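What follows is calculated from the coordinates using simple rules that are stated; it is not laboratory data. In this text, all values refer to a predicted model and were calculated from it rather than measured experimentally. Because the Cβ atoms are built from the backbone with ideal geometry, glycine has one as well, and the counts that use them run over all protein chains shown.
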Amino acid sequence: MSRPYKSYFRPEIDAMQGYTPGEQPKMQQLIKLNTNENPYPPSENVLQALKDLDMKRLRLYPDPLADDLCDLIARHWGISRNMVIAANGSDDLLTMVFRAFTSDKLAVSFLEPTYSLYKILAQMQHAEIRKIKLTGDNFEMPSDILEQAKGTNLLIITRPNAPTGNSFAIAKMREICEKFDGIVLIDEAYADFAEDNCIDFVKEYPNVIVSRTFSKSYSLAGMRLGYAVGNEELINGLYKLKDSYNVDLVAQTAAKAAFADQENLVKNCKKIKETRAMLYQALRDMNFTIVPSETNFLFASPPDGDGERYFKALRDEAIIVRYFPGEITGRYVRITIGLPEEMEKLLKVTKNLI
């Protein structure tokens with residue numbers, strides 16, 4: 001008789017549920033609008049850089065610090081090289097941050113609703129979680145956020161926020177960074193689609209880290225590449241926690257080429273914002289409730305407020321959007337901004353459903 005299974009995991013690991021990534025369906029003739037991928041290909045410079053890559057180099061380890069890429073990023077933002085760290089996607093950065101600044105004695109606070117991975121990472125650290133609920137129909141930041149976050153060691157603000165898509169006033173962000181007694185992580189995964197950003201805060205506030213990703217605006221979700229900027233001492237501490245070779249050679253090559261082509265970045269973001277505005281107005285005309293967005297998606301509630309029914313009805317038509325169960329989020333679906341022709345198909349199907 002075989003030996004019965006006995007768990008050797010820490011109790012908090014047994015008790016938690018893992019993060020659920022967005023579905024990657026294999027349906028035919030699918031319109032995939034559920035994981036906020038960019039509908040446009042990456043820069044032609046990326047394709048050329050990968051063609052020119054000497055594949056014999058794959059037998060060697062990559063640059064463990066991704067120095068060439070971090071140099072590019074530092075020059076672009078006008079900061080020193082020691083203020084930049086590259087990672088295997090921004091999720092890798094989040095893991096470093098939680099390992100560095102949370103524990104069973106160091107609590108974390110973040111918005112609700114927001115990116116669901118934060119909760120999982122906190123549970124892995126056995127850290128107390130303090131959720132700060134967004135208010136009103138447009139999911140606004142509460143005026144007493146500093147009071148609610150008081151006593152926690154890490155405050156995460158996703159700006160613009162996901163899954164809601166809205167941003168928060170830059171003046172309020174500055175007040176938070178000035179007054180919060182702890183680390184402020186500003187997750188700017190969608191900042192290239194927004195009206196402004198907080199990346200210059202790292203020049204002023206020694207307690208601020210700003211994270212970015214190449215997955216959305218640079219069309220490199222398949223490469224898994226992100227970076228963070230912050231005070232030199234903070235970044236130096238994160239380097240102690242990163243995996244030895246966390247960014248592979250191919251990803252570094254692609255990221256350097258993508259980041260160097262800022263013209264392509266601006267062009268694609270402009271097209272996405274124009275399509276976003278069109279979709280916003282068309283859904284509003286059908287009596288949808290929509291949160292004003294500064295991202296590459298819309299958080300939209302159908303006229304009957306039944307997000308799940310709308311999600312399932314679209315799925316029946318091979319259109320996949322993201323649905324988040326919950327008392328408030330369950331009224332909505334999150335729709336990634338796709339190609340104009342994909343949005344037209346979505347609107348046609350929606351009109352028939354409504």
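Phi angles across region 107-116 convert, under the Karplus curve 6.51 cos²θ - 1.76 cosθ + 1.60 with θ = phi - 60°, into 3J(HN,Hα) values of 7, 10, 10, 8, 6, 9, x, 7, 4, 6 Hz, Gly and Pro given as x. Under the simplified labelling scheme, the Glu195-Asp304 pair shows an inter-label distance of 3.5 nm, with each label point 7 Å from Cα along Cα→Cβ. The residues Val333, Val291, Val349, when put in order of fewest to most other Cβ atoms within 10 Å, stand as Val349, Val291, Val333.
Which value does Rg/Rh take for the chain over its C-alpha atoms, Rh per Kirkwood?
Working: Rg = 20.8 Å, Rh = 21.5 Å.
Radius of gyration over Kirkwood radius for the chain works out to 0.97.
So what is the orientation-averaged projected area of region 38-177, using the convex hull of its C-alpha atoms, in nm²?
Values: hull surface 46.7 nm².
With the hull built on Cα positions only, its mean projection is 11.7 nm².
Calculate for the chain the 222 nm mean residue ellipticity that helices alone would give, adding -39,500 (n - 2.57) per DSSP H run of length 4 or more and normalising by residue count, nearest 500 deg cm²/dmol.
Details: 12 runs with 128 residues, N = 354.
Calculated mean residue ellipticity at 222 nm is -11000 deg cm²/dmol.
Looking at Ile199, Pro142, Leu47, which one has the Cα that reaches farthest to the positive end of the dipole of region 45-260 (charges on Cβ: Lys, Arg +1; Asp, Glu -1)? Farthest towards the positive end: Leu47. About its Cα centre, the chain has a charge dipole of approximately 800 debye under the convention of +1 per Lys or Arg Cβ and -1 per Asp or Glu Cβ, with nothing else charged.
Taking each residue as 0.36 nm, the span from Asp71 to Lys312 lengthens on full extension beyond its C-alpha to C-alpha distance by 82.1 nm. Just checking the listed ones, Ala260, Ala87, Ala169: in the Gaussian network model of the chain with Cα springs under 10 Å, the one fluctuating most is Ala169. Expressed to the nearest 5 percent, the antiparallel share of DSSP beta bridges inside the chain is 50 percent.
Normalising the average separation of contacting C-alpha pairs (under 8 angstrom, six or more residues apart) by the number of residues puts the relative contact order of the chain at 23 percent. The ranking of Cys269, Cys70 from fewest to most other beta carbons within 10 Å of each one's beta carbon is Cys269, Cys70.
Applying 1/(1 + (r/R0)^6) with R0 = 22 Å to the Cβ-Cβ distance of Gln281 and Lys133, what FRET efficiency is obtained, to the nearest 0.05? Could the numbers behind the result be given before it?
Numbers: r = 29 Å, r/R0 = 1.32.
E between Gln281 and Lys133, to the nearest 0.05, is 0.15.
Backbone N atoms of region 211-247 closer than 16 Å to the 7 Å Cα→Cβ label point of Leu50 belong to residues 214-226. Looking at the chain as a GNM with Cα springs under 10 Å, which of Ile145, Ile209, Ile272 has the largest mean-square fluctuation? It is Ile145.
My understanding is that a pair violates if its Cα-Cα distance is over 31 Å; which of Lys150/Lys312; Lys131/Lys351; Lys172/Lys271; Lys131/Lys270; Lys105/Lys273 do that in this structure?
Numbers: Lys150/Lys312 41 Å; Lys131/Lys351 37 Å; Lys172/Lys271 29 Å; Lys131/Lys270 34 Å; Lys105/Lys273 43 Å.
Exceeds cut-off: Lys150/Lys312; Lys131/Lys351; Lys131/Lys270; Lys105/Lys273.
Taking R0 as 25 Å, what FRET efficiency do you get between Asn236 and Glu12 from their Cβ-Cβ distance, rounded to the nearest 0.05? It comes to 0.30.
Over region 260-341, what is the mean sequence separation of C-alpha contacts under 8 Å (at least six apart), divided by residue count, expressed as relative contact order in percent?
Worked out over region 260-341, it gives 28 percent.
Highest mobility in the GNM of the chain, judged by mean-square fluctuation with C-alpha springs under 10 Å and restricted to Pro64, Pro325, Pro11, is found for Pro11.
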